[in-house]
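**Student:** Once you've had a glance at the structure underneath, I'll fire off some questions.
The values are calculated or read from the model by the stated rules, or taken from the named source; none is laboratory data. Here the structure is a predicted model, which is why all the values come from computation and not from measurement. A quick note on method: Cβ atoms are made from the backbone with ideal geometry, for glycine too, and the neighbour counts reach across all protein chains shown. Accessible surface areas use protein heavy atoms only, side chains included; no ligands, DNA or RNA. Shrake-Rupley method; radii C 1.70, N 1.55, O 1.52, S 1.80 Å.
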Amino acid sequence: MHTIKNITCIGAGYVGGPTMSVIAQKNPDIKVTVVDLNKTRIDAWNSDDLSLLPIYEPGLDSVVKEARNRNLFFSTDVDKAIDEADMIFISVNTPTKTYGKGKGQAADLKYIELCARQIARVAKNDKIVVEKSTLPVRTADAIKSILNNTGNGVNFHILSNPEFLAEGTAMADLENPDRVLIGGENEDAIQALVNVYAKWVPKAKIITTNLWSSELSKLVANAFLAQRVSSINSISELCEVTGANVDEVANAIGMDSRIGSKFLKASVGFGGSCFQKDILNLVYIARSYNLNEVADYWQQVISMNDHQKQRFSSNIIKTLYNTVNGKNIVFYGWAFKKDTNDTRESAAIYVADHLLDEEANIIVYDPKVSAEQVYSDLDYLGTRGPEENRRFVTVVNNPVAASKGAHAIAVLTEWDEFKSLDWKSIYANMFKPAFIFDGRNVLDKNSIVEIGFSYKSIGK
Ligand code: UDX
Ligand code: UDX
């Protein structure tokens, strides 16, 4: 039986950082080292000032404080950490391919392959390699083939252990997961990882499967969650034309225990690093096996989400008398959901892009997202040059001042603080009629309308 003394995690991102912090916190007898190629990121993880950690996640700072430099270490020395480890988690990013075969759909596995090659080159003793990154089903085959062809006599066991944490609630999800999923072929290796989690997760919640079921389950879980959001968003459009209220419909259907109440919140569209990427991946895999009906079915979840984002921005333009040229539109929120500074695939980016096409000025306020990040998201889209993005988009840190001379406010993220802003002062600052487009249905319509705003929400 393998006893784990040293764990290394390659990739100190939104998944690797919080997951390893909790594993270290709960396993003080195991040395956990998180490595990353990005030195700035590692320096931030090592920062004395915990407000400078590279990712914002409620509750993360206290766990890092407890475990860091006790048995949790952050480093850029990847070779040394691989050499020392009995168990290596691969938690590097797997973005959608932007080139070649599978462009725009397949996951780019180049970082995964680089990790496998580095492990193969450095390893001198047997190791368990754990896929933490979300991967297409059967990726373990490729990793296995790279690791097992080094000819240095080292034995590798591959496990799949997908992460189900959601950003903003990552610490609670890690502390108290619905389940931990471990896929593998070698019983000893599986048991070694079970033991790491069993320090705080009840055994009944740790399920083990074969490798392929585990890899596929992660994609399917995200696809099902995203599908619920697209389903309710499709109904939101129907509500708007029939006089039904989407929140009332969601509540009514969600109380049916067979349906359940979660992931039924209509919105401007889902974002985040996972949903779109994983569905595209599922579609790509289905198509590669010629399962075209299956692929088309899941593709529709993405199409509906694109439609929802487009519909939101089109509604702003239509309501503002069919032109936003030169008008000031204030965005409250840029992150893809509240309580995170992550902006990957955030609906705000696409809504902004559409409004910029129509030559609007955009003023962004988000409590956790930096100006640098907003510009980098727009530059990455490549619709227009960096100078233009900086000319037409302003990022501010005072939400009330942001509304001075604004024609409309668009709520793009459901940050709690937006509910208690000084809406009277905001109204006074704005051109009349003063429009609010609530892309998250978070504001209290009655009090907003009483102040004088013209208020539009989703699905009502
Ligand atoms: C994770 C998962 O790994 C991904 O599969 C999942 O679908 C989304 O979440 P995440 O932690 O959010 O990724 O990604 P990111 O915050 O980008 O962190 C990945 C880190 O890996 C980066 O800090 C990057 O510098 C590092 N990296 C990448 C390496 O250290 N080595 C590499 O070869 C590539
Ligand atoms: C998701 C999965 O939930 C998690 O299990 C997996 O490990 C990673 O992907 P995450 O992307 O961090 O987590 O956040 P999630 O809470 O799932 O929200 C995703 C997007 O859907 C957000 O933009 C959110 O605003 C949106 N959403 C969610 C809705 O619009 N309505 C809902 O009812 C729920």
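**Student:** I'm told Met255 meets every condition in (1) among the aliphatic types (A, V, I, L, M); (2) more than 11 Å from ligand 2 (Cβ to nearest atom); (3) within 30 Å of Val129 (Cβ to Cβ) except one. Can you identify the failing condition by its number?
**Tutor:** Status for Met255: all satisfied but (3).
**Student:** Only one of these is at negative phi, open to solvent by less than 40 Å² (accessible area, probe 1.4 Å) and polar (S, T, N, Q): Asn152, Asn71. Name it.
**Tutor:** None of the others qualify; the one that does is Asn71.
**Student:** Further question: Could you tell me whether any residue of the stretch 396-409 is of a type outside the set (A, V, I, L, M, F, W, C), under 25 Å from the mean Cα position of the chain (by Cα), closer than 28 Å to Glu240 by Cα and part of a helix (DSSP H, G or I)?
**Tutor:** no
**Student:** Something else: Only one of (1) open to solvent by 10 Å² or more (accessible area, probe 1.4 Å); (2) in a helix (DSSP H, G or I); (3) under 25 Å from Thr19 (Cβ atoms) is not met by Glu215, so which one is it?
**Tutor:** Going through the list (1) open to solvent by 10 Å² or more (accessible area, probe 1.4 Å); (2) in a helix (DSSP H, G or I); (3) under 25 Å from Thr19 (Cβ atoms), Glu215 breaks only (1).
**Student:** Only one of these is open to solvent by 10 Å² or more (accessible area, probe 1.4 Å), touching a Gly at 6+ places or on another chain (Cβ under 9 Å), β-branched (Val, Ile, Thr) and within 27 Å of Tyr197 (Cβ to Cβ): Val122, Val92, Val137. Name it.
**Tutor:** Val92
**Student:** Further, regarding this structure: Hey, does the stretch 237-246 have a residue that's in contact with a strand residue (DSSP E or B) (Cβ under 8 Å, 6 or more places away or on another chain), surrounded by 18 or more Cβ atoms within 10 Å (Cβ to Cβ) and not in a loop (DSSP other than H, G, I, E, B)?
**Tutor:** No.
**Student:** Related question: Would you say Ile302 is closer than 15 Å to Gln105 by Cβ, surrounded by 16 or more Cβ atoms within 10 Å (Cβ to Cβ), among the hydrophobic types (A, V, I, L, M, F, W, C) and at pLDDT below 95?
**Tutor:** For Ile302, the condition - closer than 15 Å to Gln105 by Cβ, surrounded by 16 or more Cβ atoms within 10 Å (Cβ to Cβ), among the hydrophobic types (A, V, I, L, M, F, W, C) and at pLDDT below 95 - is not met.
**Student:** Might you let me know whether the stretch 49-58 holds any residue that is within 16 Å of ligand 2 (Cβ to nearest atom) and open to solvent by less than 20 Å² (accessible area, probe 1.4 Å)?
**Tutor:** Scanning the stretch 49-58, I find at least one residue that is within 16 Å of ligand 2 (Cβ to nearest atom) and open to solvent by less than 20 Å² (accessible area, probe 1.4 Å), so the answer is yes.
**Student:** Going by the conditions given, is Ile30 farther than 30 Å from Tyr289 by Cα and either hydrophobic (A, V, I, L, M, F, W, C) or within 16 Å of ligand 2 (Cβ to nearest atom) (or both)?
**Tutor:** Yes: the conditions hold for Ile30.
**Student:** While we're here: Out of the residues in the stretch 362-382 that are open to solvent by less than 70 Å² (accessible area, probe 1.4 Å), not in a helix (DSSP H, G or I) and not aliphatic (A, V, I, L, M), which is modelled with the lowest pLDDT?
**Tutor:** Filtering first and then ranking leaves Gly382.
**Student:** Test Asn155 against the stated conditions and say whether it is away from ligand 1 (no atom under 16 Å from the Cβ), without any contact (Cβ under 8 Å) to a residue 60 or more places away in the chain and either among the small types (Gly, Ala, Ser) or farther than 21 Å from Val220 by Cα (or both).
**Tutor:** Here the answer is yes, as Asn155 does meet what is asked.
**Student:** Checking the condition surrounded by fewer than 21 Cβ atoms within 10 Å (Cβ to Cβ) and either out of contact with any Cys (no Cβ under 6 Å at 6 or more places or on another chain) or at pLDDT 95 or above (or both), which residue from Phe263, Phe270 passes?
**Tutor:** Just a single option satisfies the conditions, and that option is Phe263.
**Student:** List the number of the failed condition for Gly326; all other conditions in (1) more than 30 Å from Phe431 (Cα to Cα); (2) open to solvent by 30 Å² or more (accessible area, probe 1.4 Å) hold.
**Tutor:** (1)
**Student:** Could you pull out the residue among Asp178, Asp188 that is assigned to a helix (DSSP H, G or I) and open to solvent by 50 Å² or more (accessible area, probe 1.4 Å)?
**Tutor:** Unique residue meeting the criteria: Asp188.
**Student:** Now for a different question. List the helices (runs of 4 or more DSSP H) that sit entirely inside the stretch 6-113 and contain at least 2 residues that are under 23 Å from Phe336 (Cβ atoms).
**Tutor:** Helices (runs of 4 or more DSSP H) meeting the threshold: 16-26, 39-45, 60-67.
**Student:** Please work out if Ala85 is surrounded by 15 or more Cβ atoms within 10 Å (Cβ to Cβ) and within 15 Å of Cys9 (Cβ to Cβ).
**Tutor:** Yes, satisfied.
**Student:** Restricting the stretch 273-299 to residues that are assigned to a loop (DSSP other than H, G, I, E, B) and within 14 Å of ligand 2 (Cβ to nearest atom), which is surrounded by the fewest Cβ atoms within 10 Å (Cβ to Cβ)?
**Tutor:** The selected residue is Ser273.
**Student:** Is there a residue in the stretch 436-448 that is within 16 Å of ligand 2 (Cβ to nearest atom), part of a helix (DSSP H, G or I) and charged (D, E, K, R)?
**Tutor:** No, because not a single residue in the stretch 436-448 is within 16 Å of ligand 2 (Cβ to nearest atom), part of a helix (DSSP H, G or I) and charged (D, E, K, R).
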